[in-house]
Amino acid sequence: MNDKVHVVNHPLLSHKLTILRDKETSTKDFREIVSEIGMLLTYEATRDLPLTTKEIETPICKMEALKGKKFAVVPILRAGLGLVDGVLRMVPSARVGHLGMYRNEETMEPVQYFCKMPRDVAERDVLIVDPMLATGGSADAAIQ
């Protein structure tokens, strides 16, 4: 497996996916669970963000803070929108971009139809979210 791919194997995530897949799950519960999954995935995806020592006034010690680039979340429309709220609950200062893609039925290649990014996206760490992973073609095209 690619060293840039991290498979999240966590019992809470597995449990929430089971609830999502249950045909008896209400629309309201589905939306809430998707947001919770967004939070769990953000927690895992940001695990290796660099920290730096930051001088703050505390009676005990210096504190660790996130270092470096700002953060952005980019959902692949429309399925990725459900994960954005959970990401923003974990990183409320993140900017949001939007990327619209669909699969060409003849070539099976992803086609971009919309792209609106924060103006400073090149200066940010970007989390692309899309729960619809099949071949990975859209994810690869989104990264490009």
Count the DSSP beta bridges whose two residues both fall in the chain, then state the antiparallel fraction as a percent rounded to the nearest 5. 50
What is the sum of charges around Ser138, taking Lys and Arg as +1, Asp and Glu as -1, for the other residues whose C-beta is under 10 Å from the C-beta of Ser138? -2
Computed on alpha carbon atoms, what radius of gyration and Dmax characterise segment 14-83, expressed in Å? 17.6, 53
The chain - mean residue ellipticity at 222 nm from DSSP helices (-39,500 (n - 2.57) per run, n ≥ 4, rounded to 500): -10000 deg cm²/dmol
Taking trypsin sites (Lys or Arg not before Pro) that fall in a DSSP loop and have at most 12 other Cβ atoms within 10 Å as cut points, what is the longest piece of the chain between them? 79-118
If you line up the long axis of helix 27-45 against the longest principal axis of the chain, both from Cα atoms, how many degrees apart are they, to the nearest 10? 50
Per residue of segment 72-84, in order, report the coupling 6.51 cos²θ - 1.76 cosθ + 1.60 (Karplus, θ = phi - 60°) as ³J(HN,Hα) in whole Hz, putting x for Gly and Pro. 9, 10, 10, x, 7, 5, 9, 4, x, 4, x, 8, 4
Note the full-extension length gain between Ala141 and Phe30 as 0.36 nm times their separation in residues minus their Cα-Cα distance, in nm to one decimal. 37.2 nm
Describe numerically, in nm with one decimal, the distance between label points set 7 Å from Cα along Cα→Cβ at Arg78 and at Ile19. 2.4
Of Val74, Val96, Val87, which is the most mobile in a GNM of the chain whose springs link Cα atoms less than 10 angstrom apart? Val96
23 Å Cα cut-off, lysine pairs counted over the chain (separation 8 or more, or different chains): 11
Enumerate by residue number the GluC sites (Glu not before Pro) in segment 74-144 meeting two conditions: DSSP loop (anything except H, G, I, E, B), and at most 12 other Cβ atoms within 10 Å of the site's Cβ. Glu105, Glu106
Of all accessible heavy-atom area on the chain, the percent that carbon and sulfur account for (1.4 Å): 54
Taking a probe of 1.4 Å, how large is the accessible area per residue of the chain, in Å²? 74
Would you please calculate the Kirkwood hydrodynamic radius of segment 69-113 over all C-alpha pairs and express it in Å, rounded to one decimal? 11.7
Residue-wise, which Karplus ³J(HN,Hα) couplings in Hz belong to segment 136-144, taking 6.51 cos²θ - 1.76 cosθ + 1.60, θ = phi - 60°, and x for glycine or proline? x, x, 5, 5, 4, 5, 5, 5, 5
For the chain (alpha-carbon point model, no solvent) the Debye-based log₁₀ I(q)/I(0) at q = 0.09 Å⁻¹ works out to -0.34
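The values are calculated or read from the model by the stated rules, or taken from the named source; none is laboratory data. Source: prediction; values computed, not measured. All Cβ positions, glycine included, derive from the backbone under ideal geometry; neighbour counts span all protein chains shown. Surface accessibility is based on the protein's heavy atoms, side chains included, excluding ligands, DNA and RNA. Shrake-Rupley method; radii C 1.70, N 1.55, O 1.52, S 1.80 Å.
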